[in-house]
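Trainee: The structure follows.
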Amino acid sequence: MSSGFKDKTLSYLIVGPFAILLAFPFYVMVITAFKNGTEFYDATASPYWFKNGPTLDNARYLFDNTPYTTWLKNTAIIGVAVVGITLLLAPPAGYALARLSGRVGQSLGVGIFLTYLVPPTLLFLPLFWVINKLHLQDRLLALILVYPSFTVPFSTWLMMGFFKTIPQELEDAARVDGASRLKTLFRVIIPISLPGVLTVVIFSFSLVLNEFVYAFTFISSTAHRTLSTGVYTDLIRGDLPEWGAIMVAALIPSIPLALLYNTFLDRFIAGFTGGAFR
Amino acid sequence: VEAAAVARPRARRWGNVLERQGVLASVLISPAVIFIAALVAGPLALSVYLSFTNATAGSLTGDWVGTENFRHEWSNQSFQDAAWHTFVFTVLSQVVVLLVAGLLAHALLRSFRGRWFLRFLIILPWAAPLPLSLMGWKWMFDTSYSIINWTLEKFGLVSKIDPPQWLAEPKLAMGSVIAVHAWRIIPFAVVIFLAGLASIPKEVDDAAAIDGATGLRKFAFVTLPLQLPIATVALLFGIVFTATDMAVVYILTQGGPPPSFSTEMITTWSYKTGIESGSLGPGAAISLALLPVLAVVAIGMLVFARKREVA
């Protein structure tokens, strides 16, 4: 038996169990999402499978009897607005940091990256003060204003790493041909940076869906909640959480996002390591 | 015609200004910098100011009280507990993360059939929105009917009459939030480790093979030293993500269970003080306890960045 075969078997033996363990909550969520509600509190029903067959009752309840579609809409509005603001600010800054600004730019780049480390849990109280002063409490606008505080630093850093991977020669060729810097920017740089821009869109959206502290602090009414807080606070009937509906609510945005995330993973890594490992 | 003739040189003059590298750079960078300064640096300064006042969430105004808030919290048992819990939560979950992620990254480095799919399963906890996947955990920890206790009962490991209350017993609750947070960070550490391992040049492997270094010896003397910088980066990020997290703890235990509040962290204690009790000033003072952690991590990152520059 070759050592290659032994190595591969070892990889399966290590990765397999951990992969199952890490993905296990999602399996439970899927089963619960399609489970008949009476089985949740039935000790004879296996939580690993269905006793009375899968049902769409939970999904129907979620869409017909809860404000879920409102939260979807709110999240989409905030997501689109935040991505828009991020795209206006981050790619130009990332380009300039990668290409134009020399040593000053380098420290500025690191500075911008460090602001990404400042967490919402440190800023939510002063921002609560600001939001209330501006009379934006319990309004979507509050989150649209605040969320770019973490999407812009992260995306600027990501775009900087991205532009560093594009050969300078491409631009030089255009410049030698007599194109101005601005023209080069629009004709050469923006078209080739589309993959980077797409990455920014996906990760900004993902950051918005992940945000809990600001959404929980600034929004107080059910109608203005986003997915990240509404599913936690409002899917309760009587005293009991609506587990089936909650799992449907959690899976609908999670699955597409996870697939996109996985596709763009390499760019995400390059972003975090500052393009140091290419 | 005349107007156009005048306008064109002006346009060109503007074009020429933008041709100057420094000017174009500032034009492109300043919007982002101004925005970040207004939304991060500004609030941070405001937080420091608020921490010296007795401002409330209702009135937003308060009087200058000097270091009163800090002195009060410093001697407050609740704050001391929260700081200790944050320390334990961060250290233990990161130890788990480093061990598991290191192992997984090495096993994932080889190519084998189904690797893409297994990697996808491993990425899931990081890729799915945390506040939503936490609801899955909350259900799994449910005492009487959910999957964890059901399984343990089947194997006769726990009693049916008095099953463990994962989120309601002090030590179990702490263990649970540590496990869930490790679960969340492991995928992140795995992908960073993988990037680091992939960057080790093939020549190093060959050289090690010629020198007869294999297995554990190779790991200890070749791979580990080369892997250390990137492992440090993953760890620094992990520390920030964990010490400053509020979602995991708040959604699972709300800092409880009472009366011990064994999972109360700096973040949840600052939320409860600043928002729930409305004491904005003291709440800000509590949250500033996270600053030293951030400072240490930031310095670590800068040292790493400097080293890469030299190398």
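Values in this text are rule-based calculations from the coordinates and carry no lab data. Note that this is a predicted model, so its numbers are computed, not measured. Every residue, glycine among them, receives a Cβ derived from its backbone with ideal geometry; neighbour counts consider all protein chains shown.
Trainee: Cα axis of helix A:68-99 to longest principal axis of chain A: angle in degrees, 0 to 90, nearest 10?
Mentor: The two axes meet at around 20 degrees.
Trainee: How far is the Cα center of region B:212-271 from the Cα center of region A:138-179, in Å?
Mentor: Between the Cα centre of region B:212-271 and that of region A:138-179, the gap is 30 Å.
Trainee: Taking the Cα centre of the protein assembly as shown as origin, sum charge times position over the Cβ atoms of Lys and Arg (+1) and Asp and Glu (-1), and report the length of that vector in debye to the nearest 20.
Mentor: About 1760 debye.
Trainee: So, one more: What are the semi-axes of the equivalent ellipsoid of region A:77-170, taken as the square roots of 5 times the eigenvalues of the Cα gyration tensor, listed largest first and rounded to whole Å?
Mentor: Values for region A:77-170, descending: 30, 15, 9 Å.
Trainee: Using the Karplus curve 6.51 cos²θ - 1.76 cosθ + 1.60 with θ = phi - 60°, work out ³J(HN,Hα) for each residue of region A:246-260 in order, rounded to whole Hz, and write x for Gly and Pro.
Mentor: 4, 5, 4, 4, 6, 6, 4, x, 5, 5, x, 5, 4, 5, 4
Trainee: Would you give the gap between the C-alpha center of region B:21-39 and the C-alpha center of region B:70-141, rounded to a whole Å?
Mentor: 35
Trainee: Quick one: which residues, 5 or more positions from B:T53 or on another chain, have an amide H under 5 Å from its amide H? H modelled 1.01 Å from N in the peptide plane, none for Pro or chain starts.
Mentor: Under 5 Å from the amide H of B:T53: B:V65.
Trainee: Give the angle, between 0 and 90 degrees and rounded to the nearest 10, that separates the Cα long axis of helix A:102-117 from the longest principal axis of the Cα atoms of chain A.
Mentor: Taking Cα atoms only, the helix is inclined about 10 degrees.
Trainee: Does a label point 7 Å from the Cα of A:L259, set along Cα-to-beta-carbon, have any residues of region A:15-36 with amide nitrogen under 18 Å, and which are they?
Mentor: Under 18 Å, as judged by backbone N against the label point of A:L259, lie A:26-27, A:30-31 of region A:15-36.
Trainee: Taking just the alpha carbons, could you work out the radius of gyration and Dmax for region B:96-136, both in angstroms?
Mentor: Both quantities, over Cα of region B:96-136: 12.2, 34 Å.
Trainee: So how do A:M160, A:M29, B:M174 line up by other beta-carbon neighbours within 10 Å, fewest first?
Mentor: B:M174, A:M29, A:M160
Trainee: Still on this structure: Give me the mean projected area, in nm² to one decimal, of the convex hull enclosing the Cα positions of region A:108-212.
Mentor: 8.4
Trainee: Moving on. Show which lysines lie in cross-link reach of B:K171 when reach means a straight Cα distance below 23 angstrom and same-chain residues fewer than eight apart are skipped.
Mentor: By straight Cα distance, B:K171 reaches B:K138, B:K160, B:K272.
Trainee: Follow-up question, since we're still on this one. Please work out whether chain A counts as rounded, prolate or oblate from its C-alpha gyration tensor, where a ≥ b ≥ c are the square roots of the eigenvalues and a/c under 1.5 means rounded, while otherwise a/b larger than b/c means prolate and anything else oblate?
Mentor: Since a/c reaches 1.5 but b/c is at least a/b, the shape of chain A is classed as oblate.
Trainee: Quick check for me: using +1 on Lys/Arg Cβ and -1 on Asp/Glu Cβ, what's the dipole size of region A:132-278 about its Cα centre, in debye to the nearest 20?
Mentor: My answer is approximately 380 debye.
Trainee: Mind pulling the angle between the C-alpha long axis of helix A:120-133 and the longest principal axis of chain A? Nearest 10 degrees, somewhere in 0 to 90.
Mentor: Tilt relative to chain A: about 90 degrees.
Trainee: Which ordering of B:R110, A:R225 is given by a fewest-first count of other beta-carbon atoms within 10 Å?
Mentor: Fewest-to-most Cβ neighbours within 10 Å comes out as B:R110, A:R225.
Trainee: Another one. Compute the relative contact order of chain A as a whole-number percentage, counting only Cα pairs closer than 8 Å that sit 6 or more residues apart in sequence.
Mentor: 29
Trainee: Can you give the Rg to Rh ratio for region B:181-227, taking only C-alpha atoms and Rh from Kirkwood?
Mentor: Rg/Rh for region B:181-227 comes to 1.11.
Trainee: Sticking with this one: From the P(r) of chain B, could you give the percentage of C-alpha pairs in the tail past 31 Å?
Mentor: The calculated P(r) of chain B puts 51 percent of pairs beyond 31 Å.
Trainee: Which three semi-axes in whole Å describe the equivalent ellipsoid of region A:1-133, each the square root of 5 times a Cα gyration tensor eigenvalue, listed largest first?
Mentor: Computed over region A:1-133, the values are 43, 32, 15 Å.
Trainee: Stick to Cα atoms and the Kirkwood definition of Rh, then tell me Rg/Rh for the protein assembly as shown.
Mentor: When Rh is taken as the Kirkwood radius, the ratio is 0.99.
Trainee: Highest GNM mean-square fluctuation, chain A, Cα pairs closer than 10 Å: which of A:L97, A:L88, A:L257?
Mentor: So, out of A:L97, A:L88, A:L257, the one fluctuating most is A:L88.
Trainee: Starting from the alpha-carbon convex hull of region B:215-311, give the projected area averaged over all orientations, in nm².
Mentor: Result: 9.2 nm².
Trainee: Cut-off is 10 Å between beta-carbons; in what order do B:Y271, A:Y68 appear when sorted fewest neighbours first?
Mentor: A:Y68, B:Y271
Trainee: Report, in order of residue number, the helices in chain B meeting two criteria: a C-alpha extent of 20 Å or more along the helix axis, and a mean Kyte-Doolittle hydropathy of at least 0.5; treat each whole DSSP H run as one helix.
Mentor: Span-like helices here: B:21-36, B:77-109, B:170-198, B:224-243, B:291-310.
Trainee: Name the residue from A:T75, A:I112, B:G62 whose Cα lies farthest towards the positive end of the charge dipole of the protein assembly as shown, charges +1 on Cβ of Lys and Arg and -1 on Cβ of Asp and Glu.
Mentor: It is A:I112, whose Cα lies furthest towards the positive end.
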